Amino acid sequence: MDTHVIEARGLSKRYGATTAVDRLDFRVEPGRVTGFLGPNGAGKSTTMRMILGLDLPTSGSVLVNGRDYQGIVWPLHEIGALLDARAVHPGRTAYRHLHSLAAANGIPRPRVDAVLEQVGLTSVAHRRVGGFSLGMSQRLGIAGALLGDPGILLFDEPVNGLDPDGILWIRTLMRSLAAEGRTVLVSSHLMSEMALTADHLLVIGEGRLLADTSLDELIARGAGDRVEVRAVERARLAAELREVGAEVTLEPDGTLQVTGVGSAAIGELAAARGHVLHQLRDVTSSLEEAYFRLTEGSVVYRAPVPA
């Protein structure tokens with residue numbers, strides 16, 4: 001039996017005439033943080049709910065450690081999940097909320113104190129959850145996910161409401177959990193954070209799988225590197241670069257953004273034709289650029305661009 005593995009096979013979910021998830025095939029492996037990316041309405045939350053057995057697939061299957069998650073007797077020992085930080089009775093204290101989860105899953109009471117300490121909520125453990133900020137609620141949800149010391153962790157937008165210190169903390173936590181050999185699947189819309197956190201990426205759009213690849217491979221495949229050039233005669237240089245097949249964009253600050261020709265070739269052309277260069281710099285494209293190129297045809301909710 002696979003340990004700490006989530007596997008989807010032809011996973012689909014339809015609501016009437018709407019297809020939310022469309023024949024997904026993927027494996028989420030232990031020992032790495034897997035980022036789960038996609039535009040709003042892409043099917044990320046629906047997929048996570050099907051992993052946890054909260055929604056049933058219309059067709060296909062998703063297995064946790066080789067079996068259906070619904071049949072697991074002590075679920076929090078297998079998967080810890082944070083899907084909705086506000087899904088807690090507001091009249092309960094943080095301690096009582098976690099204690100009820102622990103009691104239902106055969107988890108010793110000292111573990112409640114341990115996870116409260118781990119997420120930094122010990123000082124507010126006996127405050128009612130209804131008075132918590134979103135960031136505090138996120139920390140409580142993460143404590144609940146960690147409660148059973150599971151081998152698999154699912155986090156849906158875990159940095160929402162966290163301050164910079166909290167974002168750094170959750171990033172470090174996720175990477176340390178993966179380093180222990182656990183499986184970590186995290187959805188986020190923050191590309192800059194995923195670039196610092198994820199090792200592997202699953203990207204979906206309109207319910208379909210667009211990419212199942214490492215972070216580095218997606219950036220290299222989807223973005224394309226460019227060169228920034230500053231020259232005294234920028235208009236002439238731009239025309240000469242286009243003559244040799246480059247794509248050149250003149251930025252408002254006078255910088256030329258060049259793709260299709262490498263920096264070495266640009267330098268040689270400039271030297272041969274008497275150009276004075278003030279800058280010649282390779283620019284590696286970002287995860288955000290690669291993501292937008294990959295998903296540009298899959299955005300469901302798009303606002304008009306201001307004039």
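Here, each number is a calculation from the coordinates, and none is a lab measurement. Predicted model, so just to flag it, every value in this text is computed and none were measured. Here the Cβ is made from the backbone with ideal geometry for all residues, glycine too, and neighbour counts use every protein chain on show.
Just a few scattered comments:
- GluC sites (Glu not before Pro), loop per DSSP, at most 16 other Cβ atoms within 10 Å - longest free stretch of the chain: 1-179
- Dipole magnitude for the chain: about 1000 debye, using +1 per Lys or Arg Cβ and -1 per Asp or Glu Cβ, origin at the Cα centre.
- If you run the Gaussian network model on the chain, springs between alpha carbon atoms under 10 Å, then out of ARG32, ARG109, ARG242 the most flexible one is ARG242.
- Selected from LEU210, LEU294, LEU256 as most flexible by GNM, with the chain as the system and alpha-carbon contacts under 10 Å: LEU256
- Helix-derived mean residue ellipticity, 222 nm - over the chain, DSSP H n ≥ 4, -39500 (n - 2.57), to 500: -10000 deg cm²/dmol
- Dividing the convex hull volume of the alpha-carbon atoms in region 1-81 by its residue count gives 97 Å³ per residue.
- Put the Cα centre of region 54-76 next to the Cα centre of region 94-151 and the gap is 24 Å.
- Evaluated over region 6-221, the Cα radius of gyration and Dmax, each in Å: 17.0, 50
- Largest-first principal axis extents of the Cα set of region 226-283 (Å): 26, 22, 18
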